[in-house]
Amino acid sequence: PTRRSSDLYTLKWLIAAAYDLNPHMISGGPEWLDSEHYDIAALTPGDVRPTRDEQMGMLRKLLTDRFQLAFHRAPRELSIYELEVAKGGPKLKETAKPQDIPALINVVYPQSIKLPARNVTMGDFVSMLQRAVLDRPVVDKTGLSGRYDFDLEWAQDESQFGGDVGSASADANAAPLFTAIQQQLGLKLVATKGPVDALIVDRAERPSAN
């Protein structure tokens, strides 16, 4: 078995990761949902690192078993970003290796974030943006249904990654995220309000000590 360990995370962050949500889409639950931090170490079967989907399946089970998590879904009107195709059309290549596992991992540098995306859908991209990068939910309005390979690079700011990644300097060579998405991908993020499928926590308990 392979041992995996996380840093210290709040239960709200763990729920957001497990269910591919922006934290603003989560409400209810006990007052400590977003204040108490937990360290998670787990054993996974075999020597091969599980895919992200497999890891999140394990995390969902852990939330149910250890935190007694129970919730329901309900529509909520929130501030969101809509991802749309920009004027001139998308600048995306159909994936070269559709049999490969999708890869969508941000690489953090002091003056930029680089995202080499391979075999990903717009749904994958939107989920990553709202879960890990942006400060509000993101809705896919592109109408694009394929799988794509692309490379995105942008200069990060303090509103991204929950403030955990330092901002690039004003003279960074990379463009800001919204500009980079339009220039490099032929897409655009539009700030608006709209309905999202929010998660309302009905029950959560502190886990007992191991």
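The values are calculated or read from the model by the stated rules, or taken from the named source; none is laboratory data. Keep in mind that this is a model prediction, so the values were computed, not measured. Positions of Cβ are generated from backbone atoms using ideal geometry, with glycine treated the same way; all protein chains shown enter the neighbour counts. Each accessible area value is taken on the protein alone, full model and side chains, heavy atoms only, with ligands, DNA and RNA left out. Shrake-Rupley method; radii C 1.70, N 1.55, O 1.52, S 1.80 Å.
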Problem set entry | Inter-residue pairs, beta-carbon under 8 Å, first hydroxyl-bearing (S, T, Y) and in segment 90-102, second open to solvent by 70 Å² or more (accessible area, probe 1.4 Å), 6+ apart | T95/R118; T95/R147
Exercise. In the set T51, T121, which member is hydroxyl-bearing (S, T, Y) and modelled with pLDDT under 95?
Worked result: T51
For this session: For V138, indicate whether it is hydrophobic (A, V, I, L, M, F, W, C) and touching a Ser or Thr at 6+ places or on another chain (Cβ under 9 Å).
Result: yes
Problem set entry | Hits in segment 167-190 (condition: buried (at least 18 other Cβ atoms within 10 Å of the Cβ) and out of contact with any strand residue (DSSP E or B) (no Cβ under 7 Å at 6 or more places or on another chain)) | none
Problem set entry | Qualifying position, being over 19 Å from T10 (Cβ atoms) and open to solvent by less than 90 Å² (accessible area, probe 1.4 Å), among T64, T51 | T51
For this session: Determine which single condition I101 fails, assuming it passes every other condition in (1) surrounded by fewer than 17 Cβ atoms within 10 Å (Cβ to Cβ); (2) part of a helix (DSSP H, G or I).
Result: (2)
Exercise. Taking segment 98-114 only, how many residues are of a type in the set (D, E, K, R) and out of contact with any Lys or Arg (no Cβ under 7 Å at 6 or more places or on another chain)?
Worked result: 1
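Only one residue in G89, G29 is on the phi > 0 side of the Ramachandran plot and surrounded by 12 or more Cβ atoms within 10 Å (Cβ to Cβ), so which one is that? Spell out how you get there, then give the answer.
Details: G89 fails: surrounded by 12 or more Cβ atoms within 10 Å (Cβ to Cβ).
Matching residue, one of G89, G29: G29.
Give segment 166-181 a look and list any residue that's among the β-branched types (V, I, T) and out of contact with any Lys or Arg (no Cβ under 7 Å at 6 or more places or on another chain), or say none. Before you say what the answer is, go through the steps one by one.
Residues of segment 166-181 among the β-branched types (V, I, T): 179, 181.
Answer for segment 166-181, where residues must be among the β-branched types (V, I, T) and out of contact with any Lys or Arg (no Cβ under 7 Å at 6 or more places or on another chain): just T179.
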